[in-house]
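The values are calculated or read from the model by the stated rules, or taken from the named source; none is laboratory data. As the structure is a computational prediction, the values presented were derived from the model and not from experiment. Here the Cβ is made from the backbone with ideal geometry for all residues, glycine too, and neighbour counts use every protein chain on show. Each accessible area value is taken on the protein alone, full model and side chains, heavy atoms only, with ligands, DNA and RNA left out. Shrake-Rupley method; radii C 1.70, N 1.55, O 1.52, S 1.80 Å.
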Amino acid sequence: MSKILIIAEHDGQALNPSTAKTLTCAAAIGGDIDIAVFADSVDAVAAEAAALDGVSKVLTVETSGNGFRLAAALAPKIVAMAEGYSHILAPSTTFGKDLLPRVAALLGVAQISDVMAVLGSHEFQRPIYAGNAIVNVTVPADQVMAGTVRTASFAAAGAGSSASIESAGSAEAPSHTRYVKLEASGGERPDLQSAPRVVSGGRALGSEENFDIIYQLADAMGAGVGASRAAVDAGYVPNDMQVGQTGKIIAPDLYVAIGISGAIQHLTGIKDAGTIVAINKDAEAPIFEVADIGLVGDLFNIVPELTQKLA
Amino acid sequence: MKILVGLKRVIDYNVRVQVKPDGSGVVTDGVKMSINPFDEIALEEALRLREAGVAEEVVVVSIGPGAAQQQLRTGLAMGADRAILVEADEEVQPLTAARVLLSLVEKEQPGLVMLGKQAIDDDCSQTGQMLAALWDRPQATFASEVVVADGVATVTREVDAGLETIEVDLPALITVDLRLNEPRFVKLPDIMKAKKKPLDEMPLAELGVTAGNFVSTSAYAPPAQRERGIMVEDVDGLMAALKDKGLV
């Protein structure tokens, strides 16, 4: 039977939703599932992890000075904890992508990145070529399977349980790597990567000032805000708001694309969204090919009206 | 200081990749091949560090078929000093690539190894981190700003939560993200000059590296397509459709 270790992602205070999604992937593999929480202060995050449904136990590892953010601090400890586990999983976020290959290499095993479906305990589906092809991949059953989980492909596991919490010691960052700071983006609005609702604007907004109507609609909906690459390149919004193949790949329940034509590179970033709404003045825009609800018209009339009716 | 830069030969990013009808792979015949765009950004940054006097030599490395010489020549034309091609006719997975790079690192003793954050073919995003692990040196992945001074690289990383800054002691591994820089265009005289620059070739077997190819791929399929939905006439129609779906 499989025995799975999930490396929790969190911001120091609260568990990132990507962890509960990784848990759903682990549950599809089946077997015993433990969650490792590395943190400077483990209690709050460990309690959240222990509440997730389907967890056998939570293992806590104390770090210091934001060491929990550094792959070089975590990887050797995870390798030391790996004994007895058949699978080690992390979310395919920048945290998991940075960390897990370092673990896999120390274990001398391959890694499967961006698991999007579980076909068997050692057979998975993953996207390549920015999602333009999906492959079935198999790793040998006699070695540890290291994998990052594409969070857009799995729903979050529920919470309401109470697994046991055990200390698994501490981990120190090597002296060669030092955390300096994190400048958070986005401010008060929901985080684009994990928001259940996202409103995005495209080049049709025409200017940084005009983008305000996107923020107003997003605030009326309690949504995160994104943008197409064209809007980013035109300088209307900062880089970290870009949705698409080279930006953020997201899967909100509701995605509203405003003045976005729907280039392949953008569609790659939203194809797992629950419902896609498109508002565009060009009825031939490719975005309408994938939208669940389409509205052709002038966004400068439609968006304020929609904001008003939603408020 | 010497900087080692990895250049992977991949299908050009402008090509719309298509799965073969029999599901055995993607169409590569007659398709334009280029340097992995993230690797090109890594090379540009290495060249800028050399131009700023931080580094003296930039060496480009590719692991792949003989035809990867083209990508190395492009790298030399951009300004790299010399090139190494590790010839491998079969697929090279990230752990193997990391082991190959480690053996070159031991020989070349670079102060920095710079790679793209991922290759746009397999999208693995593993090789750099694996190399850093095997090398037992620091890693700074997804870099959007790199400052090198006094044996320390201060790297701003594009993480999901925003911009994270870390300091790493050299030698170190850096993987780069899209927004670090815009690579220079290659000019014709540079292409001519690049033909005279040294390009060493060696078969992968000669390096004594154990292959880490453990992932087998059994089927390729195109992604599932979303279906076209409904069109509404106005904002009220949109509100009604959203209500139907329980979204407002």
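Overview of values
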item: Where residue B:127 falls short, out of the listed (1) open to solvent by less than 10 Å² (accessible area, probe 1.4 Å); (2) in contact with a Leu (Cβ under 7 Å, 6 or more places away or on another chain); (3) within 8 Å of chain A (Cβ to nearest Cβ); result: (1)
item: Among residues of region A:147-185, those that are within 30 Å of residue A:117 (Cβ to Cβ) and within 11 Å of another protein chain (Cβ to nearest Cβ), counted; result: 4
item: Residue satisfying condition, being outside any strand (DSSP E or B), within 30 Å of residue A:90 (Cβ to Cβ) and open to solvent by less than 50 Å² (accessible area, probe 1.4 Å), within set B:120, B:174; result: B:120
item: Any hit, region B:188-208, residues being at negative phi and within 7 Å of chain A (Cβ to nearest Cβ); result: no
item: Hits in region A:68-98 (condition: assigned to a helix (DSSP H, G or I), more than 7 Å from chain B (Cβ to nearest Cβ) and out of contact with any Ser or Thr (no Cβ under 9 Å at 6 or more places or on another chain)); result: A:68, A:76, A:78, A:79, A:80, A:81
item: Flag for residue B:168 being more than 30 Å from residue B:12 (Cβ to Cβ) and open to solvent by less than 10 Å² (accessible area, probe 1.4 Å); result: yes
item: Strands (runs of 3 or more DSSP E) enclosed by region A:246-311 - at least 2 residues per element that are over 14 Å from residue A:226 (Cα atoms); result: A:275-280, A:293-296
item: Selection from region B:155-171 of residues that are assigned to a strand (DSSP E or B) and either more than 7 Å from every other protein chain (Cβ to nearest Cβ) or under 25 Å from residue A:241 (Cβ atoms) (or both); result: B:155, B:156, B:157, B:158, B:159, B:162, B:163, B:164, B:165, B:166
item: Residues (facing chain B (nearest Cβ under 9 Å), in contact with a Gly (Cβ under 9 Å, 6 or more places away or on another chain) and open to solvent by less than 60 Å² (accessible area, probe 1.4 Å)) located in region A:279-302; result: A:279, A:283, A:288, A:290, A:291, A:292, A:293, A:294, A:295
item: Any hit, region B:39-62, residues being open to solvent by 10 Å² or more (accessible area, probe 1.4 Å), hydrophobic (A, V, I, L, M, F, W, C), part of a loop (DSSP other than H, G, I, E, B) and in contact (Cβ under 8 Å) with a residue 40 or more places away in the chain; result: yes
item: Filter result for residue B:211 (in contact (Cβ under 8 Å) with a residue 60 or more places away in the chain and outside any strand (DSSP E or B)); result: yes
item: Filter result (more than 7 Å from chain A (Cβ to nearest Cβ) and closer than 12 Å to residue A:98 by Cα) within region B:132-142; result: B:140
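Condition check ((1) within 21 Å of residue A:151 (Cβ to Cβ); (2) hydrophobic (A, V, I, L, M, F, W, C)) across all residues:
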position	(1), (2)
A:266	yes, no
A:275	yes, no
A:279	no, yes
A:291	no, yes
A:302	no, yes
A:307	no, no
A:311	no, yes
